[in-house]
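K.L.:
A single structure is presented below for examination.
The values are calculated or read from the model by the stated rules, or taken from the named source; none is laboratory data. Computed from a predicted model, the values in this text were never measured in an experiment. Note: ideal-geometry Cβ built from the backbone for every residue, glycine included; neighbour counts use all protein chains shown. Ligands, DNA and RNA are stripped out before the accessible areas are found, and what is left, the full protein with its side chains, is counted by its heavy atoms. Shrake-Rupley method; radii C 1.70, N 1.55, O 1.52, S 1.80 Å.
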Amino acid sequence: MQGIGLRPKVHVSADGSGVVGHAGARLLADLADATGLTAAYSTALGPLRPRGTGHDPGRIATDLAVMLADGGEAIADLAVLRDQAEVFGSVASTPTAWRLLADVDETALAALASARASAREVVWLQASETGEGIPAAKVAGLTLPGLILDLDATLVACHSEKEQAAPTYKGGFGFHPLLCFLANTGEALSGRLRPGNAGANTAADHIAVLDQALVQIPDAHRHGTDILVRTDSAGSAKAFLAHVRDMWKRGIRTFFSVGYAITEPVRRAIRALPDRLWHPALDQDGTLRDGAEVAELTGMVDLDGYPAGTRIIVRRERPHPGAQLSLFDQDEGLRHQVFLTDTPYSSGGSAQFLEVRHRGHATVEDHIRCGKATGLGRFPSRHFAINTAWLELSLAAIDLLAWMRALLLDGELATAEPKKLRYRLLHVAARLTRGGRRLRLRISATWPWRYELATAFHRLAVLPRPAG
């Protein structure tokens with residue numbers, strides 16, 4: 001039997017110099033500067049700087065966002081940046097960062113969101129000047145023009161008493177934030193921190209989060225671009241859909257595609273539907289979906305009180321193993337899902353196309369899962385106001401990762417999730433050297449993704465900068 005090869009013996013000491021870890025995170029810090037996010041944060045939080053001394057509050061906010069994008073989970077994780085001052089500069093202490101978050105009131109929170117919106121406008125202009133701009137979504141193998149906003153709520157468990165944490169409908173304890181992501185890029189447009197017992201279908205919360213998300217979209221895209229708003233059945237409240245429709249009065253072309261509960265009238269309509277009116281469903285690549293069919297129930301279900309032109313569509317398919325079925329589904333032997341939309345027939349709104357377009361809302365679950373690994377999964381304070389500020393910085397961290405993918409990366413890294421980006425780029429070690437009056441960050445010549453990271457830094461260096 002051949003012996004197992006031994007690893008080389010190493011002798012460990014703690015006296016190294018010129019070596020840094022998480023070197024790729026410098027890319028995020030520089031990206032925040034290049035997009036104007038750091039400067040906008042400095043302006044927004046300027047009133048919180050005591051007598052103009054000490055650390056710039058805007059820079060502290062940027063460092064916190066970079067730390068969260070890099071995978072940090074607590075304010076104390078700023079030490080990863082702070083202890084490598086040659087790469088990241090002067091980084092605030094943990095108590096200083098805590099004090100800043102404690103000082104963020106509603107006015108400062110609104111200023112932070114406004115700063116993020118101004119940086120987003122710069123990013124979208126940079127994307128247009130260096131590439132094809134904001135990518136269009138793909139539905140059934142076709143390009144879908146416009147923007148898609150996905151709203152969804154999630155549960156965040158708390159393991160200690162925190163202000164406004166409460167029991168959840170799943171038997172846990174914590175918060176129940178409502179979030180909005182841009183499906184085109186994965187950017188986190190807005191979020192609202194809520195108690196764990198907050199209602200899933202609260203129209204007022206959906207309206208607030210949607211309005212905040214629309215403000216984040218640059219003017220050139222918010223007006224004159226079709227914007228599809230997708231939610232699950234929690235967003236089917238009449239007041240919310242009326243609000244979506246009322247956006248037209250402000251020159252914002254919003255449409256909706258929202259889940260709908262299978263009520264008794266819906267069940268009767270499904271049972272009364274002739275087989276000839278069911279059509280094969282489609283997959284996201286445009287091919288037929290095996291074992292699934294789509295039909296329209298418009299005119300068969302009373303939609304009184306919903307916006308004029310609202311349509312109701314149902315999909316039925318063979319349930320996959322482990323699927324949770326209602327008694328109606330068990331009786332029928334098929335799983336049913338229903339949604340509402342106001343996309344008209346004249347806009348190419350066939351039931352098959354609209355159904356696969358609505359099913360794309362499921363990608364928001366991936367955005368939320370990645371967001372929970374970027375600050376949204378753990379709130380650090382007992383105070384609700386501090387946790388609200390933490391959520392805003394988590395949204396900025398998610399944006400930084402999305403902007404990095406859109407502006408600086410190619411290939412599979414341009415669509416990679418945070419875990420892969422951290423493992424391959426952000427957490428890489430490097431050596432600092434000085435020569436020719438330059439400080440050089442030297443990535444290992446054997447690192448598999450050294451060229452991708454170096455290329456990203458080069459692209460960052462030539463990005464168009466905002467005036468001033």
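K.L.:
Cα axis of helix 57-69 to longest principal axis of the chain: angle in degrees, 0 to 90, nearest 10?
P.N.:
Here the helix axis deviates by roughly 70 degrees.
K.L.:
Here is a follow-up. Select from region 110-144 those GluC sites (Glu not before Pro) which occupy a DSSP coil region and have at most 15 other Cβ atoms within 10 Å, ordered by residue number.
P.N.:
E132
K.L.:
Once ligands and nucleic acids are excluded and a 1.4 Å probe is used, how much of T263 is accessible, expressed in Å² to the nearest 10?
P.N.:
Rounded to the nearest 10, that gives 50 Å².
K.L.:
Could you provide, to the nearest whole Å², the per residue accessible area of region 348-468 with probe 1.4 Å?
P.N.:
Per-residue accessible area for region 348-468 comes out at 49 Å².
K.L.:
Given a 1.4 Å probe and heavy atoms of the protein chains only, how would you sort H11, H22, largest accessible area at the top?
P.N.:
H11, H22
K.L.:
Could you derive backbone 3J(HN,Hα) for region 334-351 from the dihedral phi with the Karplus parameters 6.51, -1.76 and 1.60 (θ = phi - 60°), listing whole Hz in sequence and x where the residue is Gly or Pro?
P.N.:
Working through the residues one at a time gives 9, 9, 10, 9, 10, 8, 10, 8, 10, 5, x, 4, 5, 9, x, x, 5, 4 Hz.
K.L.:
What are the semi-axes of the equivalent ellipsoid for region 1-90, taken as the square roots of 5 times the Cα gyration tensor eigenvalues, largest first, in whole Å?
P.N.:
Equivalent-ellipsoid dimensions as semi-axes: 38, 15, 11 Å.
K.L.:
Here's a follow-up. Quick check on region 263-312: take the gyration tensor over C-alpha atoms, sort the square-rooted eigenvalues as a ≥ b ≥ c, and tell me if it's rounded (a/c under 1.5), prolate or oblate.
P.N.:
Details: a/c = 2.85, a/b = 1.61, b/c = 1.77.
Judged from the Cα gyration tensor, region 263-312 comes out oblate (a/c at least 1.5, b/c at or above a/b).
K.L.:
How big is the convex hull of the Cα atoms of region 282-418, per residue, in Å³?
P.N.:
That works out to 215 Å³ per residue.
K.L.:
Using a 1.4 angstrom probe and counting only protein chains, how large is the accessible area of D33 in Å², to 10?
P.N.:
90
K.L.:
Using Cα atoms only, what is the angle between the long axis of helix 106-130 and the major principal axis of the chain, expressed in degrees (0 to 90) to the nearest 10?
P.N.:
Relative to the chain, helix 106-130 is tipped by roughly 90 degrees.
K.L.:
Considering only protein heavy atoms and a probe of 1.4 Å, how much of the accessible area of region 142-257 is carbon and sulfur, as a whole percent?
P.N.:
54
K.L.:
What residues have an amide H closer than 5 Å to that of H336, excluding those fewer than 5 places away on the same chain, when H is modeled at 1.01 Å from N in the peptide plane?
P.N.:
Amide H to amide H, under 5 Å and 5 or more residues apart or across chains, H336 pairs with nothing.
K.L.:
Pairing the Cα long axis of helix 94-103 with the longest principal axis of the chain, what angle in degrees results, from 0 to 90 and rounded to the nearest 10?
P.N.:
Helix 94-103 sits at roughly 40 degrees to that axis.
K.L.:
Just to confirm the filter: which trypsin sites (Lys or Arg not before Pro) across region 356-441 are DSSP coil and have at most 10 other Cβ within 10 angstrom of their Cβ?
P.N.:
Those satisfying the criteria are R437.
K.L.:
Let me ask something additional. Using θ = phi - 60° and the Karplus relation 6.51 cos²θ - 1.76 cosθ + 1.60, list the HN-Hα couplings for region 289-305 in order, rounded to whole Hz, with x at every Gly or Pro.
P.N.:
Residue by residue, region 289-305 yields 8, 5, x, 10, 9, 10, 8, 9, 10, 4, x, 9, 10, 6, 10, 4, x Hz.
K.L.:
Label region 88-184 by shape, choosing from rounded, prolate and oblate, from the square roots a ≥ b ≥ c of the eigenvalues of the Cα gyration tensor; if a/c is under 1.5 it is rounded, and otherwise prolate applies when a/b is larger than b/c, oblate when it is not. Before the final figure, lay out each step's value.
P.N.:
On the way: a/c = 2.80, a/b = 1.31, b/c = 2.13.
Taking the square roots of the gyration eigenvalues as a ≥ b ≥ c, region 88-184 is oblate.
K.L.:
222 nm [θ] for the chain, helices only, -39500 (n - 2.57) per DSSP H run of 4+, per residue, to 500?
P.N.:
-11000 deg cm²/dmol
K.L.:
Can I ask one more? Taking a ≥ b ≥ c as the square roots of the Cα gyration tensor eigenvalues, with a/c under 1.5 meaning rounded and otherwise prolate when a/b beats b/c, else oblate, which class fits region 1-158?
P.N.:
In terms of gyration-tensor shape, oblate.
K.L.:
Same structure again: Collect residues whose amide H, placed 1.01 Å from N in the peptide plane, falls under 5 Å from the amide H of K138; neighbours closer than 5 in sequence don't count.
P.N.:
L144
K.L.:
How large is the accessible surface of E264 in square angstrom, using a 1.4 angstrom probe and rounding to the nearest 10?
P.N.:
80
K.L.:
Enter the Cα centre distance for the pair region 78-150 and region 260-277, rounded to the nearest angstrom.
P.N.:
Value for the Cα centre distance between the two parts: 45 Å.
K.L.:
Starting from region 132-189, pick out the trypsin sites (Lys or Arg not before Pro) whose DSSP state is loop and whose Cβ has at most 16 other Cβ atoms within 10 Å.
P.N.:
On the way: sites: K138, K162, K170; in loops: K162, K170.
When the trypsin sites (Lys or Arg not before Pro) of region 132-189 are filtered for loop state and at most 16 Cβ neighbours within 10 Å, K170 remain.
K.L.:
In terms of modelled amide H atoms, which long-range or inter-chain residues lie less than 5 Å from the amide H of A281?
P.N.:
Amide H neighbours of A281, under 5 Å, 5+ apart: R289, A292, E293, V294.
K.L.:
Starting from the residue with the highest accessible area, list T154, T231, T287 in decreasing order, probe 1.4 Å. Intermediate results must be reported in sequence, preceding the final value.
P.N.:
Numbers: T154 20, T231 0, T287 70 Å².
Result, largest first: T287, T154, T231.
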